[in-house]
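Reading through the structure tokens given below for one structure.
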Amino acid sequence: MTRAPRHRVRRRVLTGLLATALALGTALVPSASVHAGPPGAGQGTPARTATVMTRNLYLGAELTPILLALASGNNAAVVGAATQTWAAVQATRPEERMGAIADEIVAADPDAVGLQEVTTWTTFAYNPLDRTTSNPTVAYDFLDLLLDALEERGADYSEVAGATARNFSSPPIPYLASPTATFPTRAVSLADRDVIIVRDDVAATNARTGTFENIISFPYDGDLLPVARGWGSADLRVGKSTFRFVNSHLEAFGVPGIDGEQVRVAQVGELLAAQAALATELGSLPMVYVGDYNSDAPDAPAYTRLLAGVGADAWPRTHPGDPGFTCCLGATLTDPDNPLTSRIDLVLHSRDVKAARAHIIGDDPADMTASGLWPSDHAGVAARLVVPARR
């Protein structure tokens, strides 16, 4: 599938088509069950509440093999790993999965969603003689696929311009275009980003992004290939409430001699410092942090530092004693037994914000796609928050 690139900031369709999603929201009743129903209450929600969501879209394949192959400097290993990785991405059917995630968003009707691993996969013609590439073609743009699927379902969501954190990008990596090929004639690259989308009745201002200085890098072609990470934020107004919404994805990888958790601890320090600086620049607001923090709650060091700096965690506040696992469902997305064992996808908030309800999304076999795939290798979290009203 080839998709032409598009530059999109705001998208609008008829809002009357949201009636079904609104009906789902108004039917909610309180419950301690994880699967009690989505927390969104539609646009009839009282003015001082907001529903937020975090969702990792999954790159579509496990990247460790290809990163290790690049570090080895073995060209045959690189081609083999890239061939397997690209086949895995196609087998996990991004378009189908983005449709399933769009269904989740429509059901929860969040005011804002923090998305991680919002990936663009691009293929190229590759000349093995001089190792050059040409004719780039976007094969999958996860954001376009998701926004298109939302539009098809009558849901108005837009990317918050200026709040997109651009993370790891790979160079074009050669792969075998067919099982019978003996040398590569194609190459593939990925670009990963974190994106905030908001429903079109939500005003977003003061968008910002930042890049972490504490990152890891992999050896590549006599140099280093950095794994960039960062954060995005925006001030959101929902009814009479305004809050600062922060979305981030902390380090997932590790390399020999570097403790990945300590990298995450350092990144948390940078994230908190950046938000403190924004409070000085723009003024203090109630805070909501969402993201894939890759630090296992409730005890891992990066999580505990983040919680201490932010204030409160929506999940244990609304589900005491429930571990609320969100990771991970296996690289092929086909394991029906829900092997979730850790909680790393979080909705945190400052102490002046109260969590009224939280719900885990995408962790029930009923959520799998028609072809038997989980929508992502993570589950998501949606939470209804009570935010102080501001005039």
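The values are calculated or read from the model by the stated rules, or taken from the named source; none is laboratory data. Bear in mind that the values here come from a model prediction, so they are computed numbers and not experimental data. Using ideal geometry, Cβ is built from the backbone for each residue, glycine included, and neighbour counts are taken over all protein chains shown. Only protein heavy atoms, including side chains, enter the accessible area calculation; ligands, DNA and RNA are left aside. Shrake-Rupley method; radii C 1.70, N 1.55, O 1.52, S 1.80 Å.
The criterion of being hydrophobic (A, V, I, L, M, F, W, C) and farther than 18 Å from residue 112 by Cβ does not hold for residue 356. Taken over the stretch 116-137, the criterion of being open to solvent by 30 Å² or more (accessible area, probe 1.4 Å), of a type in the set (A, V, I, L, M) and either touching a Lys or Arg at 6+ places or on another chain (Cβ under 9 Å) or at positive phi (or both) is satisfied by no residue. Residues that are over 16 Å from residue 289 (Cα atoms) and open to solvent by less than 20 Å² (accessible area, probe 1.4 Å) within the stretch 203-216 comprise 212, 216, listed in sequence order.
This table checks each residue for (1) touching an Asp or Glu at 6+ places or on another chain (Cβ under 6 Å); (2) at pLDDT 95 or above.
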| residue | (1), (2) |
| --- | --- |
| 313 | no, yes |
| 318 | no, yes |
| 336 | no, no |
| 349 | no, yes |
| 356 | no, yes |
| 377 | no, yes |
| 385 | no, yes |
| 388 | yes, no |
| 391 | no, no |
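Output yes when any residue across the stretch 134-142 is within 25 Å of residue 232 (Cβ to Cβ) and either acidic (Asp, Glu) or touching a Leu at 6+ places or on another chain (Cβ under 6 Å) (or both), and no when none is. Yes, the conditions are met somewhere in the stretch 134-142. Quick one: in the stretch 239-278, of everything that is closer than 27 Å to residue 203 by Cα and among the basic types (Lys, Arg), which residue is most open to solvent (accessible area, probe 1.4 Å)? Checking each candidate, the answer is 240.
Within the stretch 103-115, restricting attention to residues that are in contact with a strand residue (DSSP E or B) (Cβ under 9 Å, 6 or more places away or on another chain) and among the aliphatic types (A, V, I, L, M), the residue that is surrounded by the fewest Cβ atoms within 10 Å (Cβ to Cβ) is 107.
Among the conditions (1) within 30 Å of residue 288 (Cβ to Cβ); (2) assigned to a strand (DSSP E or B); (3) open to solvent by 10 Å² or more (accessible area, probe 1.4 Å), the only one that residue 219 does not satisfy is (1). Taken over the stretch 332-343, residues that are over 14 Å from residue 315 (Cα atoms) and buried (at least 22 other Cβ atoms within 10 Å of the Cβ) amount to 1.
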